[in-house]
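Read through the structure below, which is laid out as structure tokens, and then see the notes.
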Amino acid sequence: MPDLRIHDLRHSFASTAIMDNVPLATIGKLLGHVLPETTARYAHLADDVIGDAAQRVSGALAQAMGLRA
């Protein structure tokens, strides 16, 4: 993998961790970041994870409003 950089691995590590529900602060400590903003730039969520979260939140709101059993 000649084009692979350590920086790429750090992004992959942070993204995998955030999708596995590891808290952002913990990921920051693991990566040696001082500011949470730095870690947030590293941790990218996959589209399916975002879609699942939107589905859960909207479902919970609909149920709370009596729109869904």
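Since every read-out is calculated from the coordinates, none of them should be taken as a lab result. Since the structure is predicted, the reported quantities are computational estimates derived from the model, not experimental observations. Backbone-built Cβ (ideal geometry, glycine too); neighbour counts: all protein chains shown.
A few comments on the model shown:
Condition check ((1) surrounded by 10 or more Cβ atoms within 10 Å (Cβ to Cβ); (2) touching a residue at least 12 places away in the same chain (Cβ under 8 Å)) across all residues:
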| site | (1), (2) |
| --- | --- |
| Leu4 | no, no |
| Ser12 | yes, no |
| Thr16 | yes, no |
| Leu24 | yes, yes |
| Leu35 | no, no |
| Thr39 | yes, yes |
| Leu45 | yes, yes |
| Leu61 | yes, no |
| Gly66 | no, no |
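- Residue list for segment 39-67, filter: part of a helix (DSSP H, G or I) and in contact with a helix residue (DSSP H, G or I) (Cβ under 7 Å, 6 or more places away or on another chain): Thr39, Ala40, Tyr42, Val49
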